1. Of LEU94, ASN51, ASN185, which is farthest on the positive side of the dipole of the chain, counting Cα position, with +1 on Lys and Arg Cβ, -1 on Asp and Glu Cβ, and the Cα centre as origin?
2. Quick one: length gained pulling ASP29 to HIS100 fully straight, 0.36 nm per residue minus the C-alpha distance?
3. Helix 189-202 sits at what angle to the longest principal axis of the chain, using alpha carbons and giving 0 to 90 degrees rounded to 10?
4. Along Cα→Cβ, 7 Å out, is where each label goes; now give me the distance between the ones at GLU226 and ARG47 in nm to one decimal.
5. If all Cα-Cα distances of segment 1-149 are sorted into 5 Å bins from 0 onward, what percent lands in each bin, rounded to whole numbers?
6. Where the only charges are on Cβ atoms (+1 Lys, Arg; -1 Asp, Glu), what is the dipole of the chain about its Cα centre, to the nearest 20 debye?
7. Quick check on the chain: helices-only [θ] at 222 nm, where DSSP H runs of length 4 and up contribute -39,500 (n - 2.57) each and the sum goes over total residues. Nearest 500, please.
8. Number of Lys pairs in the chain with C-alpha atoms less than 19 angstrom apart, excluding same-chain neighbours closer than eight positions?
Amino acid sequence: MEQNHKYYIIWPLDQPTLPSGKAAAKQVDFVNLIRNKAPHLLIPEKRSLSNTSLSMVSLLISKKEYPFKNGQQAHTKGSVVWTDYAIYFWQLVLYLLKTHPAIGLEELLRTCFHADSHQPNQQSIETLMATYGTHSPIIETDELDRWYDEISLTHLSPQSYHQLYRWFGIELKAIGYQAFDHFMNQRDGIKAWQQAIQQYLSDIDNLPDDIASSIFDDYLQALLTEH
């Protein structure tokens, strides 16, 4: 099974040089598309490139939205800094499968990821998201905490709940209610969450059972016991 690779969007790791203004604008558009369709997938991360600076000419001709800046803080002097957005392989795959139930996993992987580098095929992903994705609201931390308060009796840690949001987005609320119902019947929080998550994965018809089991065993099960 594929590892849960981490990708950066603004400056992908497979691109050797600082993106031009045009290239950066394209990546920012991609971030905005994901923010509109699946904001839970985006993990903002401050990045920097040391011993580098943007020339005055570059700064003058770049648009206001250009994400790369010269560092101004003591620890970023002599560096180019920017806010990037990380996205993880299996979270993205689950979203795309759920969004486009007519596509099989093998076809999705072949279409949306480059076989040689495992990097996302951005154009294909954009097409799927724009065609099949629907608007999803951004859930702020306070709202996510309110969701958690409703099911905190299940003894899942708030940290784990927040991490599960990165996997399931707004559907976590319904998963949590399902886990709560299981908990009220058997009073076993870990088992209740396991049942709710496994049921959610099994309901994704184009996700093979063996892959669903591996995703749960390799990545999700550990979140149910974290404190």
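1. ASN51
2. 23.4 nm
3. Helix 189-202 and the main axis of the chain meet at about 70 degrees.
4. Going from the GLU226 label point to the ARG47 one covers 2.2 nm.
5. 2, 8, 16, 19, 18, 14, 11, 8, 3, 1, 0
6. Value, rounded to 20: 1160 debye.
7. Numbers: 10 runs with 111 residues, N = 227.
After summing the helix terms and dividing by the residues of the chain, the value is -15000 deg cm²/dmol.
8. Counting lysine pairs in the chain gives 16.
The values are calculated or read from the model by the stated rules, or taken from the named source; none is laboratory data. Since the model is a prediction, treat every value here as computed from it, not as a measurement. Cβ atoms come from the backbone with ideal geometry, glycine included; neighbour counts cover every protein chain shown. Areas reflect the complete protein model, heavy atoms only, side chains present, ligands, DNA and RNA absent. Shrake-Rupley method; radii C 1.70, N 1.55, O 1.52, S 1.80 Å.
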